1. Within the range 88-105, is even one residue assigned to a loop (DSSP other than H, G, I, E, B) and under 27 Å from the mean Cα position of the chain (by Cα)?
2. Among the helices (runs of 4 or more DSSP H) confined wholly to the range 149-244, which include 1 or more residues that are surrounded by fewer than 18 Cβ atoms within 10 Å (Cβ to Cβ)?
3. What number goes with the only condition from (1) closer than 21 Å to residue 185 by Cα; (2) surrounded by fewer than 23 Cβ atoms within 10 Å (Cβ to Cβ); (3) more than 11 Å from the chain's Cα centre (by Cα) that residue 286 does not pass?
4. Listed residues 49, 25; which is modelled with pLDDT under 95, in contact with a helix residue (DSSP H, G or I) (Cβ under 6 Å, 6 or more places away or on another chain) and farther than 26 Å from residue 131 by Cα?
5. Collect the residues in the range 270-283 that are modelled with pLDDT of 90 or more and surrounded by fewer than 15 Cβ atoms within 10 Å (Cβ to Cβ), keeping them in residue-number order.
6. Which pairs do you get when a residue that is under 8 Å from residue 102 (Cα atoms) and not assigned by TED's automatic domain parsing to the domain that holds residue 85, found in the range 121-139, comes within reach of a residue that is at pLDDT below 95 and surrounded by fewer than 17 Cβ atoms within 10 Å (Cβ to Cβ), reach meaning Cβ atoms under 9 angstrom, with the pair 6+ apart or on two chains?
């Protein structure tokens, strides 16, 4: 089936043809006719399947009729992150070049004044993150009573980021008679509850089993030790030895780890940029632009980059930290192997990651094979042998402290106090002490001491 059979307008079809697309993806083929029929839609599809175009294209057709009013957007799209919101805005620029629509992007890290000016002119499409949208609403600068269409994108990511209370507040600000589109990659019970609250007699469109990885992705795992330095060395060896390497996204669990790993890779002459939630919007945009253009070969990121970012040609994904939630693994590796291209996803597994790997393999229904040792990092030592220095430090710092405390026999008088002005006299070590077993003493106590007269 071609796009011309989906009921889209001539202007939209012209933009699609200019973009070079011929055939819709399964989620687009099934969802677009229902959206045009003004039905509520529950869309479930893995990342990278064209969910964004599944609602952007019919929206452009529907918005050809009507006119926006000041501070009252006609449609609202909610995204969990600034990057996803900016990416949706780019899709409207791409497919809406034949339309004269006002599109406003309301996200954090940007001046309130500039956003307020756009809202005052009247907005056909409002793309926003929940927090900044509520800020404008509470200031009295935004009215949602004229919203005809509400799209909640990446709903499961909204849940992970704690946005569900904000989503429920926004749902009370839009008209009850609105049309709602609800897109998610996974369907946990809490998301099902929110979907039942927002949707009215929805059409369920599910093009793949939830939490499945694309078949074009080769998944591997590599063993490493507990030491962070050893873990970073494992990653560097994998980057140097990777076959058909073009670029890579490297995921960490914490923002602090992103910054540390970025500094380490730059110090070892790797061309890398960092992306995490503590960066301001200009720095995040610059990092993404550098990676998309090929100026930077490595993007070190937290899970802020795991959902929906459209970087079409990523050859490798590395999980420097195995994700704590199995669902995040699906979204991370979904950054490669997109649009029918092949990709490689490698997870660096430390001894404490066993439960997380088991949860991932249980969710995906497949066992991730270990990478060949010749291509991976050196095999870490067993745990009992991996920390001899720690055991030695424990022994030196006080492992026998209690034994030394009781070396003086009970009742024996202490050495008499020496006046501070009396010169120190050289002491001769008793013969019995010299010949005694001193193996229990720390090394620094056995060093000879030179005393001044």
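1. Of the range 88-105, the ones assigned to a loop (DSSP other than H, G, I, E, B) are 96-102.
If we keep only those that are under 27 Å from the mean Cα position of the chain (by Cα) too, we end up with none.
No, every residue in the range 88-105 fails to be assigned to a loop (DSSP other than H, G, I, E, B) and under 27 Å from the mean Cα position of the chain (by Cα).
2. On the way: elements: 155-160, 164-173, 189-198, 228-241.
Result: 164-173, 189-198, 228-241.
3. Going through the list (1) closer than 21 Å to residue 185 by Cα; (2) surrounded by fewer than 23 Cβ atoms within 10 Å (Cβ to Cβ); (3) more than 11 Å from the chain's Cα centre (by Cα), residue 286 breaks only (1).
4. On the way: 25 fails: in contact with a helix residue (DSSP H, G or I) (Cβ under 6 Å, 6 or more places away or on another chain).
Just one listed residue meets the conditions, 49.
5. 271
6. Taking only residues 6 or more apart or on different chains, not a single pair turns up.
The values are calculated or read from the model by the stated rules, or taken from the named source; none is laboratory data. Quick caveat: nothing in here was measured; it's all calculated off a predicted structure. Glycine also receives a Cβ, built like all others from the backbone with ideal geometry; neighbour counts cover every protein chain displayed.
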